[in-house]
Amino acid sequence: MSKLSIIIPTWNTADITLKCVGTIYKFLPKDFFELIIVDNSSTDNTVSKIKKLIHSLKIKNFKLKINPSNLGFSKANNIGAKIAVGDYLLFLNSDMELIDPSLIKMIDYLKLNPKVGLIGPQFLNPNLTIQGSVLPPQTPLNALKEYWLGSKGSYTKYYLNNTSSVNSISGGAILIKKEIFDQISGWDERYFFYYEDLELCRQVKKIGKEIIYFPESKVIHRHGASGTAIVDTPNQWRRLVPSSILYHGKLTHYLIISIIWTSQKWQEIFGKKQQKETLLQ
């Protein structure tokens with residue numbers, strides 16, 4: 001089998017990173033892959049804990065790159081890719097956990113299907129229920145369908161039961177051939193955090209390749225755990241704004257925001273009115 005390079009960016013996520021790394025070495029053949037961890041200048045004990053784990057497991061196929069500051073998700077991934085030797089690159093969030101060796105099936109699928117540009121597994125919640133990780137086109141029309149007409153999965157993430165060609169997939173776990181990754185010039189470093197996965201998928205499609213959702217491979221995703229240290233919970237949504245403007249352009253961004261905001265306000269007002277009428281009955 002061809003060599004696989006697994007690239008994990010980290011920033012202040014010591015415990016979940018250790019879980020992620022532990023499952024990789026539990027389920028994948030050790031001579032099949034190299035592990036590359038790119039730390040964005042963590043201020044907790046992420047680096048020391050990783051070094052201790054690697055030493056205790058006597059792991060040789062391991063590289064650790066420590067950045068001088070938090071350079072963001074995209075740049076950290078690109079730094080990891082530059083020192084990777086594998087024919088295939090697996091970009092994996094630190095809040096992922098393997099549950100079996102099924103990630104290998106994605107490599108086999110890429111080998112047999114040259115039209116495929118990148119591929120991603122099915123995400124599971126910690127309780128093993130399925131988590132949405134397929135993204136439809138992020139257009140105002142699709143936002144209108146979902147938030148005003150109630151068509152779920154028109155704009156937000158959803159999942160499928162069968163291997164399918166899709167618009168885009170979540171960047172939490174993405175497998176891509178190194179030659180294709182180099183052809184599209186890697187992750188777009190203008191995106192510090194969020195929308196970088198949509199942009200990567202957009203670039204892959206521009207060169208005529210398909211995006212594949214592959215539920216035969218499954219991973220646990222502790223959704224949001226790798227980004228909680230960036231900002232407090234009430235302001236989580238603010239992280240998306242700069243990247244959304246970059247991805248959509250200002251006009252489309254504000255149009256989509258208006259559609260979502262007015263829908264939420266309408267539901268809030270209608271919900272209160274309906275509740276009041278119920279109380280009066």
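Where a number appears in this text, it was derived from the coordinates with a stated rule and is not lab data. Just so it is clear, the model here is predicted, and its values are computed rather than measured. Backbone-built Cβ (ideal geometry, glycine too); neighbour counts: all protein chains shown.
Our estimate of slack between LYS206 and GLU179, defined as 0.36 nm per intervening residue step minus the Cα-Cα distance, is 8.2 nm. Counting only residues at least eight positions apart within a chain, or on another chain, the aspartates and glutamates with an alpha carbon under 12 Å from that of LYS218 are GLU97, ASP100.
Checked against a 20 Å cut-off, the cross-linked pairs LYS49/LYS177; LYS3/LYS60; LYS3/LYS82 give Cα-Cα distances beyond that limit for LYS49/LYS177. Local charge for GLU146 was computed over the other residues whose Cβ lies under 14 Å away, with Lys and Arg +1 and Asp and Glu -1, and equals +3. Helix 196-206 and the long axis of the chain differ in direction by around 80°, with both axes built from C-alpha atoms. Taking a straight line from the alpha carbon of LYS58, these aspartates and glutamates sit under 16 Å away, with near neighbours fewer than eight places off in the same chain left out: ASP31, GLU34. Sorting 164-172, 148-156, 79-87 by average packing, meaning the other beta carbons within 10 Å per residue, from highest down gives 164-172, 79-87, 148-156. Helix 73-82 axis versus longest C-alpha principal axis of the chain: approximately 20°, rounded to the nearest ten.
Against the chain, whose longest principal axis comes from its Cα atoms, helix 14-27 is set at around 60 degrees.
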